[in-house]
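Trainee: The structure that follows is given in the form of structure tokens.
Computed from the coordinates by the stated procedures, all read-outs in this text should not be read as laboratory data. These figures come from a predicted structure and were not determined experimentally. With ideal geometry, Cβ positions are generated from the backbone for all residues, glycine too; neighbour counts draw on all protein chains shown.
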Amino acid sequence: MQAIRRFIWLIITLFVLAAVASFAVSNKSQTVLAFWPLGDIAQLPLWAVVLGALCAGLLGGALLVWLAGLPQRTRLRARERRIAKLETEVAELKAEKEDREQAGDTKPALPGQAD
């Protein structure tokens, strides 16, 4: 199943790369980039402008998604630390209980707690 997924991923990737290469070869005309307060900044091929804008948008979107997930990842890490602490505490209590049972002590470790 994983081999099929990899094969499909490879086919899609090759198709996208072929489309990008075809776009770049077909759009070689020069374009002037101008920003209002700065005037003309650069003269670039059209394909570089379009693909640059696409890459900037993809990176900006990825950054926004990563920032949106930051609170959830922070809570997850805090909960993982709490779980590890509680698992350690449970292991210690089990060991303490076994020690008491081996010693023949039937007194609960905490008041109101029954074995």
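Trainee: Can you name the number of the only condition in (1) loosely packed, with under 10 Cβ neighbours inside 10 Å; (2) touching an Asp or Glu at 6+ places or on another chain (Cβ under 8 Å) that ALA34 fails?
Mentor: (1)
Trainee: I've got another one for you. Looking at TRP9, TRP47, TRP66, which one is of a type in the set (Phe, Trp, Tyr) and in contact with a Lys or Arg (Cβ under 8 Å, 6 or more places away or on another chain)?
Mentor: Working: TRP9 fails: in contact with a Lys or Arg (Cβ under 8 Å, 6 or more places away or on another chain); TRP66 fails: in contact with a Lys or Arg (Cβ under 8 Å, 6 or more places away or on another chain).
Result of the check over TRP9, TRP47, TRP66: TRP47.
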